[in-house]
There are 2 protein chains.
Amino acid sequence: MELRHLRYFVAVAEEGHVTRAAERLGIQQPPLSQQIRAMEDELDVQLFRRKPRGVELTDAGRALLADARRILGDVDQALSRTRRTGRGEEGRIAVGFTSSAPFHPFVPRVLRNFREDFPQVAMTLDEGGTADLVAAIRSEQIDAAFIRSPVPEGENIATYDILEEPMCVALPKSHRLARGAKTKPVALGDLAGDSFILYRRASGPGLYDGIVGACHDSGFNPRIEQEAPRIVATLNLVASGLGVTLVPESLQAMRLEGIRYLPLATRRKLVAPLRLACRSVDHSAAARRFVAAARKAARTGG
Amino acid sequence: MELRHLRYFVAVAEEGHVTRAAERLGIQQPPLSQQIRAMEDELDVQLFRRKPRGVELTDAGRALLADARRILGDVDQALSRTRRTGRGEEGRIAVGFTSSAPFHPFVPRVLRNFREDFPQVAMTLDEGGTADLVAAIRSEQIDAAFIRSPVPEGENIATYDILEEPMCVALPKSHRLARGAKTKPVALGDLAGDSFILYRRASGPGLYDGIVGACHDSGFNPRIEQEAPRIVATLNLVASGLGVTLVPESLQAMRLEGIRYLPLATRRKLVAPLRLACRSVDHSAAARRFVAAARKAARTGG
DNA sequence: TATATTTCATATGTTTTAGATATGTCATGG
DNA sequence: CCATGACATATCTAAAACATATGAAATATA
């Protein structure tokens, strides 16, 4: 039994007339009669009563007609669903991001736009350190991730630069450079004597190395008092007065009691990149679409 | 797209291996590869990723797999349902009967047995006069009917004798032959002077003509006071004292206040037949089965 | 490193089968 | 009673499924 048989059967049943059904199907009458007969032989059931003026469904035929219609509809639906999944218009993607990424308006915006453009694609979100995220991408637990560190150059992972943003200084409210309503840019050298609290290097070496490198450029070796597992924790430690840190300026959206953000005055620009990582092969169409959407938004400044 | 494609696709997806799937399907590997490729071309979607060690579903393939499995299952189910409908093991029949038929235990018994033997056949029941029932059979509103009259010899209607039962006399309790606890058989001639109440001839001439003929045989012409539309109504009229009537003895099951049933003593046996009518062609398998079951029960005295 | 093995893809031939053409049969309607 | 309409049958053609033989790429093995 093939779908062709069901299609032919439905046509004959609907027309009540083999010859007309054959016309509708774009074939001749004899092969249509044959195929119907073949169905009857296979099922060992008479599907039509041959009348002098056409054909008429038997009870068994009537029983089959309803099922055949439904099945043909299901097939159409399944094929179109498959096509759309293949085109990335339907399906499921999992997106990861480091803790600092969603503070930049770019990230929520691109997620929102993607969801609007492809409502049939279910999105799940995951937060984690860069290392975890890259591992998750590799093991196909997630499809893409917004990260801030370079990826250990690699096997099967592609990264795309999305944007760069300036870093700024986060000081405890009580800090000598933050007291009052001071908003004057802080030169990195002014922090030479301060304790630094940094986002743990193992989780994401990018920011860590950038900050330490910039300090060296300014002629001092930062005293790293503490490493925190997430950037939010870093800021909490700063707020409680344990030290200072540098964060991407979008983190200013995180307004913590007891913390002041000040712009950074440096010769060499100290910037935090935002990157998108994904598998370089074996990605679903939905994932491809997401990456493409994010890159396009990045290019157009969206 | 044909079911073959879906079958092949499911096999490859389940094996993760074209060659093994081909073995399972009983064909060679190259045609299987071709058919899978044909699907991908038609859908314009990659269903499998070719790995050096086999093949692996893409997201689109995964989406299709679930649907394909379901569809193949639905097809199997539909075909088996059709087969069973064709064999009369599933479906729907409508059975009619004259008002007097269900009083004979044969009728409810055969209905009950059929329902037990073929629980998947839905039964609907209809009551009506013989003429109506025969018309309903002809117009395919019902499939078969228990009747007591001969059918106007006919086009497309077959009848089968099921059983015969003696007639008995139904008298008002106040009737001279019924007073006290008399149970003596009544000779038909004894009723020569009585008013007769008969089941309307137009609805079913069988009993009517039989009764009138028997009276003639007994040497008198019955005085027909009243005709009633249903046999139950006839008995109600008898109960209220308007006259006497003759009914199949199974009607004694209908115990009405004010009525007495007495056996009939006649030279020639006066009997009421029970017949089963159905279309001689164009009946569903379920209807055929029902008629066969009823005839068999009749033969075996069931 | 070279070779054997595994596995899917490609090329080409064969067989099956769907479909086309021509004709037959049967019932109906003028 | 013949013409018409409809499905069935017979035979042929063409398409497509399948088989066989071989190639290509990657991996495992010597």
Under a GNM of chain B (C-alpha, springs under 10 Å), which listed residue has the highest mean-square fluctuation: B:190, B:217, B:209? B:190
Quick one: Kirkwood hydrodynamic radius for segment A:7-140, alpha-carbon pairs, angstrom, one decimal? 19.4 Å
Computed over chain B, the relative contact order (Cα-Cα under 8 Å, seq sep at least six) in percent reads 21 percent
Excluding residues on the same chain fewer than 8 positions from residue A:51, give the lysines whose Cα lies under 24 Å from its Cα. none
On each of the three principal axes of the Cα atoms of segment A:91-183, give max minus min coordinate, whole Å, ordered largest first. 53, 33, 19
Starting from the Cα of residue A:192, step 7 Å along the direction of its Cβ; do the same at residue B:14; then give the gap between the two resulting points in nm. 7.5 nm
Using a label point 7 Å beyond Cα on the Cα-Cβ vector, give me the inter-copy distances for residue A:254 in nanometres, one decimal, shortest first. 9.1
Number of partner chain Cβ atoms within 10 Å, mean per residue of A:66-76: 4
For segment A:165-271, what relative contact order do you get, as a whole percent, if you take Cα pairs closer than 8 Å and at least 6 residues apart? 49 percent
Can you tell me what share of the DSSP beta bridges in segment A:165-271 is antiparallel? A percent to the nearest 5 is fine. 55 percent
Report, ordered by chain and residue number, the aspartates and glutamates lying within cross-link reach of residue B:182, taken as a straight Cα distance under 15 Å and ignoring same-chain residues fewer than 8 apart. B:190
For chain A, set up a GNM with springs between Cα atoms under 10 Å and report which of A:152, A:102, A:273 has the largest fluctuation. A:152
Quick check: convex hull of the Cα atoms in the protein assembly as shown, volume per residue, rounded to a whole Å³? 265 Å³
I need the inter-copy label distances for residue B:135: point set 7 Å along Cα to C-beta, values in nm with one decimal, smallest first. 8.4
From the C-alpha gyration tensor of chain B, square roots of 5λ in Å: 68, 16, 15
Per-residue ³J(HN,Hα) for segment B:219-225, Karplus 6.51 cos²θ - 1.76 cosθ + 1.60, θ = phi - 60°, Hz, x for Gly and Pro: x, 8, 9, x, 8, 8, 7
In the protein assembly as shown, what % of DSSP beta bridges are antiparallel (nearest 5)? 60 percent
For residue A:184, the lysines lying under 30 Å Cα to Cα, once residues fewer than eight places off in the same chain are dropped, come out as A:173, A:269
At residue B:69, with labels set 7 Å past Cα in the Cβ direction, how many nm apart are the copies from this one, shortest first? 2.9
As a percent rounded to 5, the proportion of antiparallel DSSP bridges among beta bridges in chain B is 60 percent
What is the ratio of the Cα radius of gyration of segment A:165-271 to 2.2 N^0.38 Å, where N is its residue count, to two decimals? 0.95
Cα-Cα pairs above 22 Å in segment B:3-86: how many percent? 27 percent
Show the residues, 5+ positions off or on another chain, whose built amide H is closer than 5 Å to the amide H of residue A:91. A:121, A:122
Residue-averaged beta-carbon neighbours from other chains (10 angstrom radius) around B:42-49: 3
Mind telling me which of A:12, A:121, A:151 comes out most flexible in a GNM of chain A, alpha-carbon contacts under 10 Å? A:12
Whole-angstrom gap from segment A:97-165 to segment B:162-233, using each part's C-alpha centre: 96 Å
Enter the mean number of other protein chain beta carbons within 10 Å of the beta carbon of each residue in B:85-95, as an integer. 3
Okay, helix-only estimate at 222 nm for chain A: each DSSP H run of n ≥ 4 adds -39500 (n - 2.57), divide by all residues, round to 500 deg cm²/dmol; what do you get? -13000 deg cm²/dmol
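Readers should treat all values here as calculations from the given coordinates under stated rules, not as data from a laboratory. Since we're looking at a predicted model, the values are computed, not measured. With ideal geometry, Cβ positions are generated from the backbone for all residues, glycine too; neighbour counts draw on all protein chains shown.
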